[in-house]
Amino acid sequence: MAILQAKQAPLINVSAAPLIQARDVTVVYNGETALDRLTFTVQPGDQVAIIGPNGAGKSTLIKTLLGFIRPSSGAVNIAIPRERIGYVAQNEAVDWNYPVTVQDVVMMGCARRIGWFRPPRREHWDLVHAALERVGMADLRQRQIGELSGGQRRRAFIARALAQEAELLILDEPFSGVDASAQASLMDVLDQLNAGGLTILLSTHDLDLAFARFSKVMALRRHLIAFGDPRAVLTADTLAHIYGHRVMTWQDGQEVAVFVDEHHCENCPD
Ligand code: ADP
């Protein structure tokens, strides 16, 4: 039986001002409520996994935090400028056949600093190379982006966020379609960046990972069902609430290991 060790709670300065403050955030699409009065705060240095079945509102929440969607009511306050938020989409709007190298993609993170129609300078290339080093991709910098594996692409887009000098990194299901070893190296990169002070917020279906590697878990099903320490959130009750009955859990003391047969959030309760 696999026993998972929960991630140690980080030493958080509880008096620090929140990085994200969401208050009663509601998003309605064509009369359908996708997010219903979400209130939470994310502190600088948090590493947050958002979980919930398909249709629970994870992508909608991410797009709302990024400012792509305006809440129908409520408000989101983020204590840093928009350009300090890095985003790794689930499916980047990139033509994978277009001949662009990994370092070109990462250089896009410097675009604002370089200025329109100006060539990158030495300092920008140094930033790009440093960002690629941090995600373990320095030796692939000349590679065409379309030739990368799924995990390598994710790391290249994380490097773009680092070149942008992001303080908050938001990723939409970065582990989907990525094999186990690529997932492990991606998670190692995220852990190192988080240890260096980067606040990370991502959506995932991998509950084992959420339990073992994140400082906080947000359980979403249109409503905020639970948010906080993984050991407090990933309980049989919460999981049954968000995933229905197709949940197998077992407990070992305070620790809970979970496998879920994922299904769609239809007829979510109000
Ligand atoms: P998740 O990321 O958890 O799978 P989503 O945020 O994609 O959930 O979707 C939440 C709900 O909002 C779903 O019922 C989905 O069908 C609906 N939805 C998402 N995007 C749109 C959109 N652009 N227009 C209308 N409905 C949407």
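Values quoted throughout were computed directly from the atomic coordinates according to the rules given, and no laboratory measurement underlies them. Note that the structure is predicted; figures quoted are calculated from it, not measured. All Cβ positions, glycine included, derive from the backbone under ideal geometry; neighbour counts span all protein chains shown.
So here's what we get for this one:
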{"item": "Selected residue (only one of Ser181, Ser176, Ser149 is within 13 Å of the chain's Cα centre (by Cα) and surrounded by fewer than 24 Cβ atoms within 10 Å (Cβ to Cβ))", "result": "Ser176"}
{"item": "Qualifying residues in segment 33-54 (those that are away from the ligand (no atom under 12 Å from the Cβ) and hydroxyl-bearing (Ser, Thr, Tyr)) - the one nearest to Tyr243 (Cα to Cα)", "result": "Thr39"}
{"item": "Matching entry among Ala212, Ala219, Ala226 (being of a type in the set (Gly, Ala, Ser), within 15 Å of the ligand (Cβ to nearest atom), in contact with a helix residue (DSSP H, G or I) (Cβ under 9 Å, 6 or more places away or on another chain) and within 28 Å of Ala166 (Cα to Cα))", "result": "Ala219"}
{"item": "Filter result for Ala219 (in contact (Cβ under 8 Å) with a residue 40 or more places away in the chain, outside any loop (DSSP other than H, G, I, E, B) and among the small types (Gly, Ala, Ser))", "result": "yes"}
{"item": "Subset of segment 109-124 [part of a helix (DSSP H, G or I) and either crowded, with 16+ Cβ neighbours inside 10 Å or without any contact (Cβ under 8 Å) to a residue 12 or more places away in the chain (or both)]", "result": "Gly109, Cys110, Ala111, Arg113, Ile114, Arg122, Glu123, His124"}
{"item": "Ala166 part of a loop (DSSP other than H, G, I, E, B) and more than 16 Å from the ligand (Cβ to nearest atom)", "result": "yes"}
